[in-house]
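The values are calculated or read from the model by the stated rules, or taken from the named source; none is laboratory data. Note that the structure is a prediction, hence the values are computed from the model and not measured. Backbone-built Cβ (ideal geometry, glycine too); neighbour counts: all protein chains shown. Please note that ligands, DNA and RNA were not included when accessible areas were found on the heavy atoms of the full protein model with its side chains. Shrake-Rupley method; radii C 1.70, N 1.55, O 1.52, S 1.80 Å.
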Amino acid sequence: MSYDGYVRRYRSRTKKSSKLYFRSAKVFPGGISHNIRFFEPYPFFVNGARGRTLHDVDGNNYTDYWMGHWAMILGHSPAPIASALARQAKNGTLYGVVNDVSVELAETIQKMMPRAEMMRFCSTGSEATMYAVRLARGKTGRRVIAKAIGGWHGFNTTLMQTVNYPFEAEEGPGLVQDEGQYVESIPFNNLDASLKVLETIKDDLACVIIEPVLGGAGCIPPAEGYLEGLQEFAKKNGALFILDEIVTGFRLSPRGAQHVYGLEPDLFTLGKICGGGMPIGVVCGDKDVMALSDPVSKTDKDARCAIGGGTFSANPATMAAGLATLQFLKKNERQVYGKIDRLGATARKGLSKLFADAKIPCTVTGTNSVFLTHFGKEALVENATDVATSDKGVLAKYHLALMAQHGIFFLPTKMGAISYAHGEQDVKNLLSATEKIVQSGLFKA
Ligand SMILES: Cc1ncc(COP(=O)(O)O)c(C=O)c1O
């Protein structure tokens, strides 16, 4: 089937969504509240989600591989988290003063990730990374932040640099050019080139902040020695090494990517999974650095790093959902990670073979339970530029075809994630649907 054929089918199955999108576009710029949630011809509107399935307003069901921006590691509305939330909803969702469950969640995080000597909860990952780099500047008295080209740390102004291809260009009006002058970007997975850049700024380098696996930029695991090399440079030169584990924390392992890759970040950020489907961000790490933000002992404002606001920070609903999620992951570590990692490997291997057999040039990247196909690329895909110069148009068409004809949802062009609610049959279905799409001629059109 041609792409137009899949689009026609999508439109015919999503009439109510089409009407809702029309209304939505009148109240939200672009019809959405998170930019990446728009896709052509218009997104379907969801009114329910259970397990691995999204339900839309037209009565369609989709096996979900987007899983709430990769946050829903146990699936949608898993029983232990749903009941923890329901209990909390009856007992107050925002006290606006300290609560006991936040201490329990923090202690649980600390047990799972002992480098989280102290932490602060906030409501989004964007806040957590903003706080992390502010702490690094506060601690070192330096100004420059190094990040990876294409690295995504959320929409805070400081880190909204070199996110979109071509990465040197301005990120758009409203961001003052000068804001970028203290942010330097390094090429992910090229240690020599990265160190060369860092060498030129080392005297004013406050931190290197990096995702262990590039997520938003295209599901790219680190080359051996790359992250270790950055960490070594930072520590040797008096800068902080900050790992952005907002995606990888509790996904690559219950102890995060830092455990998998043997890293010792000074600070790291968490989010997504540890909120149990509720809004969260966490900045955590070395207690000496975190202590800079202590408003109790540091009564002198000039000595204190200004982080730690947020009406909804550490709200008991998020805390309860996050705690129930981490407790489940701790208790069922082998089953959960054994399963999602195995299914992830099966998906990567199956898709690679299927496209190779069909002589469709592409590379499937990923690790553990995350994966993404890059069309038009047969060589290694190892950084954000490789991803950005792959054929994203074909990827978007493939994802739309999965949605329209086979009830399988990837947010078009974005990395897929397996949850504990997925099963072997889902991956088989993904592979057989992909095979049918290949046979339908979409990739030739
Ligand atoms: C690595 C990384 N850091 C930070 C963020 C920002 O988190 P949030 O969307 O909760 O602000 C994201 C979001 O996808 C992310 O992937």
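For residue 432 and residue 197, what does the FRET efficiency come to when R0 = 56 Å and r is the distance between their Cβ atoms, rounded to the nearest 0.05? Let's see the in-between values first.
Working: r = 46 Å, r/R0 = 0.81.
With a Förster radius of 56 Å, E is 0.75.
Would you mind working out the magnitude of the charge dipole of region 79-331 relative to its Cα centre, with +1 at each Lys and Arg C-beta and -1 at each Asp and Glu C-beta, to the nearest 20 Debye?
Numbers: 24 positive and 28 negative charges, 185 e Å.
Result for region 79-331 is approximately 880 debye, rounded to the nearest 20.
Which angle between 0 and 90 degrees, to the nearest 10, do you get for helix 125-140 versus the longest principal axis of the chain when only C-alpha atoms count?
Tilt of helix 125-140: around 30 degrees.
For the chain, with every protein chain kept in place, what is the accessible area per residue (1.4 Å probe, Å²)? List each step's numbers first, then the result.
Values: 19420 Å² over 445 residues.
On a per-residue basis, 44 Å².
Treat every Asp and Glu Cβ in the chain as -1 and every Lys and Arg Cβ as +1, leave all other atoms uncharged, and give the resulting dipole magnitude about the Cα centre to the nearest 20 debye.
Value, rounded to 20: 1840 debye.
Taking a spot 7 Å from the Cα of residue 98 along the direction of its beta carbon, which residues of region 300-336 have an amide N less than 16 Å from it?
Counting backbone N atoms under 16 Å from the label point, the list is 308-309, 313-316.
Mind checking the full-extension length gain between residue 287 and residue 175? Use 0.36 nm per residue of separation minus the Cα-Cα distance, one decimal, nm. Present the calculation step by step, with values, prior to reporting the outcome.
On the way: separation 112, 0.36 × 112 = 40.32 nm, distance 3.28 nm.
The span from residue 287 to residue 175 would gain 37.0 nm if fully extended.
Looking at region 194-293, what % of its DSSP beta bridges pair antiparallel, to the nearest 5?
Numbers: 6 of 14 bridges.
Counting DSSP beta bridges with both partners in region 194-293, the antiparallel share is about 45 percent.
Residue 408's amide H: which non-local residues (gap 5+, or another chain) put their own amide H closer than 5 Å, with H modeled 1.01 Å from N in plane and none for Pro or chain starts?
Excluding prolines and chain starts, which carry no amide H, the hits are 63, 403.
Tell me the mean residue ellipticity at 222 nm calculated for the chain from its helices only (DSSP H runs of n ≥ 4, each -39500 (n - 2.57), averaged over every residue, nearest 500).
Rounded to the nearest 500, it is -12000 deg cm²/dmol.
Using the Karplus curve 6.51 cos²θ - 1.76 cosθ + 1.60 with θ = phi - 60°, work out ³J(HN,Hα) for each residue of region 16-27 in order, rounded to whole Hz, and write x for Gly and Pro.
Along region 16-27, the couplings run 5, 4, 4, 5, 5, 5, 4, 5, 4, 5, 7, 10 Hz.
Take every DSSP beta bridge with both residues inside the chain and express the antiparallel ones as a percent of the total, to the nearest 5.
Looking only at bridges with both residues in the chain, the antiparallel portion is about 60 percent.
When the Karplus curve 6.51 cos²θ - 1.76 cosθ + 1.60 is applied with θ = phi - 60°, which whole-Hz ³J(HN,Hα) does each residue of region 215-232 get, with x for Gly and Pro?
Along region 215-232, the couplings run x, x, 7, x, 6, 10, x, x, 6, 4, x, 5, 5, 4, x, 5, 4, 4 Hz.
In terms of modelled amide H atoms, which long-range or inter-chain residues lie less than 5 Å from the amide H of residue 49?
55
Considering just Cα atoms, how many Å³ per residue does the convex hull of region 79-331 enclose?
That works out to 131 Å³ per residue.
Ignoring everything but the protein chains, give the 1.4 Å probe accessible area of residue 134 in square angstrom, nearest 10.
Per-residue accessible area (residue 134): approximately 90 Å².
Say R0 is 25 Å: what FRET efficiency, to the nearest 0.05, do residue 333 and residue 79 get from their beta-carbon distance?
That gives a FRET efficiency of 0.85.
Gaussian network model of the chain, Cα springs within a sub-10 Å range: biggest mean-square fluctuation belongs to which of 286, 391, 100?
The residue that fluctuates most here is 100.
Report, in whole Å, the centroid distance computed from the Cα atoms of region 285-300 and region 140-160.
22 Å
So what's the convex hull volume per residue for the Cα atoms of the chain, in Å³?
It is 145 Å³ per residue.
If one takes the longest principal axis of the Cα atoms in the chain, at what angle in degrees, from 0 to 90 and to the nearest 10, does the Cα axis of helix 79-89 lie?
The helix 79-89 is inclined about 60 degrees to the chain.
Along the charge dipole of the chain, pointing to its positive end and built from +1/-1 on Cβ of Lys, Arg, Asp and Glu, which listed residue (355, 438, 70) has its Cα farthest out?
438
Name the residues whose placed amide hydrogens come within less than 5 Å of the amide hydrogen of residue 285, ignoring near sequence neighbours (fewer than 5 apart) on the same chain.
Amide H neighbours of residue 285: 117, 118, 268.
Would you mind calculating the gained length between residue 2 and residue 204 on full extension (0.36 nm times residue separation, minus the Cα-Cα distance), in nm to one decimal?
Details: separation 202, 0.36 × 202 = 72.72 nm, distance 5.41 nm.
Answer, rounded to one decimal: 67.3 nm.
Using the Karplus curve 6.51 cos²θ - 1.76 cosθ + 1.60 with θ = phi - 60°, work out ³J(HN,Hα) for each residue of region 38-55 in order, rounded to whole Hz, and write x for Gly and Pro.
7, 8, 6, x, 5, x, 6, 9, 9, 10, x, 7, 9, x, 9, 10, 9, 10
Treating the angle as unsigned and between 0 and 90°, give the value, to the nearest 10°, between the Cα long axis of helix 191-201 and the longest Cα principal axis of the chain.
The helix 191-201 is inclined about 40 degrees to the chain.
In terms of Cα to Cα distance under 22 Å, which lysines are near enough to residue 111, apart from those fewer than 8 places away along the same chain?
272, 287, 330, 331
Once you put a point 7 Å from the Cα of residue 359 and another 7 Å from the Cα of residue 168, both along the Cβ direction, what distance in nm separates them?
So the two model labels end up 3.9 nm from each other.
At R0 = 45 Å, how high is the FRET efficiency between residue 297 and residue 224 if r is their beta carbon distance? Nearest 0.05 is fine.
0.60
In whole percent, how big is the carbon plus sulfur part of the accessible area of the chain, probe 1.4 Å, protein atoms only?
Details: 10050 of 19420 Å².
C and S fraction of accessible area: 52 percent.
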